Amino acid sequence: MGDPSNKVAKAVVLVSGGMDSCVVAAMAKRTHRLAFLHASYGQRTERRERQAFDAIADFFDVQERLAVRLDHFVKIGGSALTDERIAVPEGGTGEVASGSGIPVTYVPFRNAHFLAVAVSWAEVIGAGAVFIGAVEEDSSGYPDCRPEYYRKFEELVRVGTRPETHIAIVTPVIAMRKSEIIRRGGELSAPLELTWSCYQSEEEACGVCDSCRLRLQAFAEASATDPIPYRVKAVR
């Protein structure tokens, strides 16, 4: 995967509105001029995540922004995040899809779609890197959060773009625990108070879905206070 220490003029940062991508944006800002990309895909909290994206982009004073809609994920279904017939698991029960070992909140092959849009835009605007806040160890077990996934995708970018195009796929937090990401965010003054992680609520974070529980646990391990509002604070 690309080396984030290799300075290039511009980078596209995939910013979901969550804390991982927010911290990645703060890391990328140290070495690059930023362009922010946000993808809505029919997820339950898409309005709130877009609000977080806009606030984070304002905080970093990012002028180049692209927000896209990938509505086909709703038609495809198969994920609790996009299919209302599948309940979002709460409290650590019923998390794994039958027979697969993968949580029902996994959106099939989602990150490839995000990266494809990011690379297309990066090639057009002359960016030399795409940053994404994928995390392996503290992820929910999603197969598209593994380092080899991004190594393979970078090779795909190399063979599928113009010969003069060189775009690195940079995953600076992939080997970090979420508590480490929080600490790094504090060191970089990343605006974690503007982020949103909940899978199912938009006014107050539910506190019981897998994403909320991972986040709350991470803040507890980092001996820090999560600045966003919760309906319930259930540390796993």
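The values are calculated or read from the model by the stated rules, or taken from the named source; none is laboratory data. Remember, predicted model here, so these are calculated numbers, not experimental data. Glycine also receives a Cβ, built like all others from the backbone with ideal geometry; neighbour counts cover every protein chain displayed. For the accessible areas, the whole protein counts, side chains as well, though only heavy atoms, and no ligand, DNA or RNA atoms are used. Shrake-Rupley method; radii C 1.70, N 1.55, O 1.52, S 1.80 Å.
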Helix 46-59: angle to the longest alpha-carbon principal axis of the chain, degrees 0 to 90, nearest 10?
50
Among 200-213, 65-78, how do they line up by average Cβ neighbours within 10 Å per residue, starting with the highest?
200-213, 65-78
The chain -> Rg/Rh from Cα coords, Kirkwood Rh, value 0.94
Filtered hits (lysines, Cα-Cα < 18 Å from Lys29, offset >= 8 within chain) -> Lys7, Lys10
Under 18 Å from the Cα of Lys75 - aspartates and glutamates, other chains or at least 8 residues apart:
Glu46, Asp83, Glu84
Mean-square fluctuation maximum in Gaussian network of the chain, Cα pairs under 10 Å, restricted to Ala35, Ala52, Ala222, hits Ala222
Expressed per residue, the solvent accessible area of the chain in Å² (1.4 Å probe) is about 45
Candidates Ala134, Ala28, Ala55; GNM for the chain (alpha-carbon contacts under 10 Å) flags as most fluctuating Ala55
With Cα atoms, 0 to 90° folded angle of helix 147-160 axis to the chain main axis:
40
Under the helix-only model (-39500 (n - 2.57) for each DSSP H run of 4 or more, divided by the residues of the chain), the mean residue ellipticity at 222 nm, to 500 deg cm²/dmol, is -10500 deg cm²/dmol
Straight-line reach from Lys178: which aspartates and glutamates have Cα under 13 Å away, leaving out those fewer than 8 places along the same chain?
Asp20, Glu136, Glu137, Asp138, Glu221, Asp226
Semi-axes of the equivalent ellipsoid of the stretch 130-201: what are they in whole Å, largest first, if each equals the square root of 5 times a C-alpha gyration tensor eigenvalue?
27, 15, 12
Per the 1.4 Å probe, what fraction of the accessible area of the chain, in percent, lies on carbon and sulfur atoms?
50
Cα pair count fraction exceeding 14 Å, expressed as % - the stretch 106-148:
53
